[in-house]
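Student: Shown below is the structure under consideration.
Any read-out appearing in this document is the output of simple, stated calculations on the displayed coordinates, not a laboratory observation. Note that the structure is a prediction, hence the values are computed from the model and not measured. Here the Cβ is made from the backbone with ideal geometry for all residues, glycine too, and neighbour counts use every protein chain on show.
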Amino acid sequence: MLQHLSKEIRECYLRAEQSKRLAETAPTPAARKDYLDMEQRWLSFARSYEFAERLSNFVAPFWKHKGWNDPQP
């Protein structure tokens, strides 16, 4: 699955997985909670990137149809 994702999204998922693994070996309940919270933030960040990519892919044909420049750099 990860091979079809952008570099940024892939990085977010990898960081989320790292955070989850760190939570499993955390020395204290507070540290475990912090790592699990971090995992959720990375997953949220990945979903934000995914949404932006889907939106961009959706509007790209309309931009081209109108003859406008693509808004992405």
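Student: So which chymotrypsin sites (Phe, Trp or Tyr not before Pro) in the range 7-68 are both in a DSSP loop and have at most 16 other Cβ atoms within 10 Å of their Cβ?
Tutor: Trp68
Student: Let me ask you something else. Fewest first, what order do Lys33, Lys20, Lys7 take by the number of other Cβ atoms within 10 Å?
Tutor: Sorted ascending by nearby Cβ count, the order is Lys7, Lys33, Lys20.
Student: How much length, in nm to one decimal, is gained on full extension between Asp37 and Glu17, taken as 0.36 nm per residue of separation minus their Cα-Cα distance?
Tutor: 6.0 nm
Student: When Rg is the radius of gyration of the Cα atoms in the range 2-65 and Rh is its Kirkwood radius, what does Rg/Rh come to?
Tutor: Checking Rg against Rh, the ratio lands at 1.21.
Student: While we're looking at this one, here's another question. Would you mind computing, in nm to one decimal, how far apart the modelled labels at Ser6 and Phe62 are, each placed 7 Å from Cα along Cα→Cβ?
Tutor: 1.8 nm
Student: If you don't mind, there's one more thing I want to ask. So if we plug the beta-carbon distance of Ser44 and Glu24 into 1/(1 + (r/R0)^6) with R0 = 22 Å, what FRET efficiency do we get, rounded to 0.05?
Tutor: 0.60
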